[in-house]
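Structure first, then comments.
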Amino acid sequence: MKSYLPKKRLAMLASGSGTNVANFIRFFKEHPVIEIALVVSNNPDALVLSKAAKEGVPHLVIRNDQWNDKDLVMGIFTERRIDFVVLAGFLLLVPAFFIEHYKNRIVNIHPALLPAYGGKGMYGMRVHQAVIQAGDTKSGITIHHVNERYDEGEVICRYTLDIDKGETPESLARKIHQLEYDHYPEVVEKLIRSFD
């Protein structure tokens, strides 16, 4: 049965290439109750902006220094009626006023099993290098709520994978990315539906 209720509007924040954002756009393209309504980057040169443009998704830049301007930031998100926020490779600590406004409705993903290998400066290939150097036999992803500190928000779920003998940071990164693509949109979908 077709729903005539307005769709839940999802904003995605990213600083880089936007591979997860592109995956979310594909996942929610024909979704009956959720839509990607906005893509925001703090980096005007981020490839994620051109990916959003190619898919016809509204996108804009909020520079690092602008994130402290509550009126500006909240004006943008309120005007676009954003219900839920997803971080996907967003490297800036979001301000407390934003977290408070989107309490329990702002999530992030980390390419390791938090609390291990988290914190400021721990992102991307740096994480995979640290995991390999430590000789760990497992890694994975952690999807978590966002609070005022890097990677310390309440954990929603973790997905693990085995680290093979001879694994390199590059090969581990590919496996972790696949885990992200397989699970992140579905977890967000369930979270958003749980608010109904």
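Odds and ends about this structure:
- Residues that are outside any strand (DSSP E or B), at pLDDT 95 or above, acidic (Asp, Glu) and within 19 Å of the chain's Cα centre (by Cα) do occur in segment 75-83.
- In segment 6-52, the residues that are closer than 27 Å to Asn68 by Cα, free of Cβ contacts under 8 Å to residues at least 12 places away in the same chain and of a type in the set (D, E, K, R): Asp45
- Any chance Asp164 is assigned to a loop (DSSP other than H, G, I, E, B) and either among the polar types (S, T, N, Q) or more than 18 Å from the chain's Cα centre (by Cα) (or both): yes
- Members of segment 86-141 found to be under 21 Å from Glu170 (Cβ atoms) and polar (S, T, N, Q), listed by number: Gln129, Gln133, Thr137, Ser139
- Note on segment 118-127: residues that are over 15 Å from Asn20 (Cβ atoms), touching a residue at least 24 places away in the same chain (Cβ under 8 Å) and either touching a Pro at 6+ places or on another chain (Cβ under 8 Å) or not aliphatic (A, V, I, L, M) (or both) total 4.
- In segment 105-154, the residues that are loosely packed, with under 15 Cβ neighbours inside 10 Å and either within 23 Å of Leu191 (Cα to Cα) or touching a Leu at 6+ places or on another chain (Cβ under 6 Å) (or both): Pro115, Glu148, Arg149, Glu154
- Against the criterion of being among the charged types (D, E, K, R), touching a helix residue (DSSP H, G or I) at 6+ places or on another chain (Cβ under 7 Å) and farther than 25 Å from Gly119 by Cβ, Lys29 does not qualify.
- Scanning segment 63-100 for residues that are under 19 Å from Asp151 (Cα atoms) and in contact with a strand residue (DSSP E or B) (Cβ under 9 Å, 6 or more places away or on another chain) returns Phe84, Val85, Val86, Leu87, Ala88, Gly89, Phe90, Leu92, Val94, Phe98, Ile99.
- Tally, over segment 128-169, of residues that are without any contact (Cβ under 8 Å) to a residue 24 or more places away in the chain and more than 30 Å from His101 (Cα to Cα): 8
- Residue match in segment 8-26 (condition: over 30 Å from Val127 (Cα atoms) and surrounded by fewer than 16 Cβ atoms within 10 Å (Cβ to Cβ)): no
- Condition met for Gly140 (on the phi > 0 side of the Ramachandran plot, modelled with pLDDT of 95 or more and outside any loop (DSSP other than H, G, I, E, B)): yes
The values are calculated or read from the model by the stated rules, or taken from the named source; none is laboratory data. If you're wondering where the values come from, they're calculated on a predicted model, not measured in any experiment. Because the Cβ atoms are built from the backbone with ideal geometry, glycine has one as well, and the counts that use them run over all protein chains shown.
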